[in-house]
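Visitor: Submitted below is the structure of interest, expressed as structure tokens.
The values are calculated or read from the model by the stated rules, or taken from the named source; none is laboratory data. What you are looking at is a predicted structure, and each value in this text was computed from that prediction instead of being measured. When we count neighbours, we look across all protein chains shown, and the Cβ atoms used for this are built from the backbone with ideal geometry, even at glycine. The area values use the complete protein model at the heavy-atom level, side chains included, leaving out ligands, DNA and RNA. Shrake-Rupley method; radii C 1.70, N 1.55, O 1.52, S 1.80 Å.
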Amino acid sequence: MPTQTLSLKARISAIITALVLFITALCCTARPTVATADGWSEDEFFIDPDHVCTNDCYRNIYYLTDNMKSQNYVNGFLGDLVDIYAQQHTAFNEFKYYDIKAIYKDVWRESVPSQERFGEPIWLYNEDSIKNALVIYELNELLPLQFADNEPYQPTAELYDRFLKFKRNNCRILFICNTDELNFNDYDESNRFLDLVDAHVNTDIYSYFAETVLTEIAEGPISGTTIILDRSLCPSSVWFEAYHENHYKRIYGNNIYPRYGSRYEFLDGMLIPRIREVIGQIRPGFYDDNINFLDNNNINILCYLGNNLFYDIGRGGGMYYYEDDIFTFLDRYQSNEYYYVGSTRYGNDQTELRELLIAIEYEAGIEGMFKKYMFVEHGSYYAVDGESNMRAAGLDSRAVEKFISPIIACFLFEDIYEVDLWAFCNWSGRCPITIKPTGTYTWLLPLADPIDSIGETEEREYYDDLD
């Protein structure tokens, strides 16, 4: 029987099909915890000498992002993919990527970490010139986690106008977002911008993490509780004088809670409001009122500043320095429940605090009493010797890159290879093709459904195997 030789195009199709099956399996088995994924190489995409560009081929590729780690994406895989695209598409004109945060002056949220500029200079950006393009639009930092109903200003309205312009200019849009779609309140169709998106990659795990932590704290005895936060979850407290004099006055100036909760306002926008809700004192409070509220209910919230120094939100907003005087610690913070909540946002900054907590547990004879939660973001999560009761969830930068790189590759080369983005679709959302790095088994709880939102039924069905 003669040996049959596959054509180059058939071999490419087989390779891409196998790649998609592998990535699809990865999407189904990955879970919103610390992720490890097998490597993927853009070398899987060979040059197709038979491809002839038509008017259906896109001439430009734009990557618009506020992600401080985007330089890693461009250097790690996107630049190589664009180079291959240019070799296969004679119609190709240019590739550019821009720092959205610099362009839009951070109008959507104030509390974002400082970062160096990246991408094309601001003065080169011209939205009207984005035509006949594949547009990758990533919001990792700027989008608030929760939109308020009855607010006249909706950031998603700006996204709708922007995406509509792209569509009218013959663009295809891949939207990568770090805010869960459940948090796009469907007030006045505020999430309708997703109708203009060709594929929506949602990388938000933090919403599930925060909801789970808050729920578990709320279900325990609130009074007589000590909660320790690292600096990534209470950045305003690091500058405690500004926190006292300015931050709370800005947030509570109209005697209302922050309209938008965010990962950078966990303390003010999420934790204290949830505690007030559980205790039944939901009246919004100024700074001094919150101090009295915490003290009256024997609730300690300590914000770690580094070098064994804490800022105590209660007790008059004082400082506490731990210097191996375990009796002083126990006298001040004798509690029924102990919690630690932190993240890897600032790399290994949290390791010092975690080691200090281990020492406190040992010296106080309260080993195992601290319930610890770590959100993995940017920096990787590493175990600390002697640590117990730690639960981690999230994806570091490398894991996110491994998750989105094959999706972006498919987005760029769908016109050539016999594969489409539907193979990655694993989540119910307003955009028909919605992709999320999650899986069947997880300790994270489903999100509560905000008023006038979509998707709660699908999410609860997705997590129906939870204990």
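Visitor: Name the residue that is least open to solvent (accessible area, probe 1.4 Å), counting only residues in segment 121-149 that are at pLDDT below 85 and not in a loop (DSSP other than H, G, I, E, B).
Guide: 122
Visitor: Quick one: count up the residues across segment 408-467 that are surrounded by 15 or more Cβ atoms within 10 Å (Cβ to Cβ) and either closer than 30 Å to residue 89 by Cβ or at pLDDT 70 or above (or both).
Guide: Number of matching residues: 34.
Visitor: Are any of the residues in segment 306-314 at pLDDT below 80 and touching a strand residue (DSSP E or B) at 6+ places or on another chain (Cβ under 8 Å)?
Guide: Checked against the condition, which is being at pLDDT below 80 and touching a strand residue (DSSP E or B) at 6+ places or on another chain (Cβ under 8 Å), segment 306-314 yields at least one hit.
Visitor: For segment 180-201, does any single residue satisfy the condition of being more than 30 Å from residue 132 (Cβ to Cβ) and hydrophobic (A, V, I, L, M, F, W, C)?
Guide: Looking through segment 180-201, at least one residue is more than 30 Å from residue 132 (Cβ to Cβ) and hydrophobic (A, V, I, L, M, F, W, C).
Visitor: Among the numbered conditions (1) modelled with pLDDT of 65 or more; (2) on the phi > 0 side of the Ramachandran plot, tell me where residue 106 comes up short.
Guide: Only one criterion in (1) modelled with pLDDT of 65 or more; (2) on the phi > 0 side of the Ramachandran plot is unmet by residue 106, namely (1).
Visitor: Follow-up. Just to verify a result, which residue in segment 347-362, among those that are among the acidic types (Asp, Glu) and modelled with pLDDT of 85 or more, is least open to solvent (accessible area, probe 1.4 Å)?
Guide: 361
Visitor: Can you tell me how many residues in segment 378-405 are open to solvent by less than 10 Å² (accessible area, probe 1.4 Å) and either among the β-branched types (Val, Ile, Thr) or more than 25 Å from residue 182 (Cα to Cα) (or both)?
Guide: Residues flagged as open to solvent by less than 10 Å² (accessible area, probe 1.4 Å) and either among the β-branched types (Val, Ile, Thr) or more than 25 Å from residue 182 (Cα to Cα) (or both) within segment 378-405 amount to 1.
Visitor: Still on this structure, I have one more. Which members of segment 371-409 meet the condition of being touching a residue at least 40 places away in the same chain (Cβ under 8 Å) and more than 30 Å from residue 63 (Cβ to Cβ)?
Guide: 371, 373, 391
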